[in-house]
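What follows draws every value from the coordinates through simple rules; no lab data is involved. Predicted model only: the values in this text are computed from it and were never measured. As a convention, Cβ positions derive from the backbone with ideal geometry for all residues, glycine included, and neighbour counts pool all protein chains shown.
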């Protein structure tokens, strides 16, 4: 039995980035891997509409990841957002501006062991915003805003966090989405 995903996401690239189709495909695969391996099994089902064109036409939630250069973020949001990614909470579908400059070279404030750890953090952090999570004061938490100097490398803590309090919150969201789907 095929279960339709509750959340469908799209990945878009700013034309000025001039990425090859292979580079775009690789980023799509990374986003898919980080979401599928990061969210606890049985919590929220997600699917990329390009990589999985048969995902169905009835998602409850849609999210758009836009990979844009830092120069675009500065032009559109101002210097307050320099070197940041952000989620537009008032939009539907929910839009996430992923700072491509950070994707390629994480900011100095990011305290992750590898670039892959940083990318996983960034993808999950912004996706959890999409689902309604706000920033956390827990300096080891995935929802700690990495542009703040007090955050530490969360990678050893993420499994515990995603399978504890975050999992419980995701379960509540899942129950609400299931009720909407049945309703």
Order by neighbour count: 63, 144, fewest other Cβ atoms within 10 Å first, most last. 144, 63
Going fewest to most other Cβ atoms within 10 Å around each Cβ, 18, 111, 29 line up as 18, 29, 111
Kindly put 134, 117, 82 in sequence by how many other C-beta atoms sit within 10 Å of each C-beta, fewest to most. 134, 82, 117
FRET efficiency (residue 86, residue 29; Cβ distance; R0 22 Å; to 0.05) is 0.40
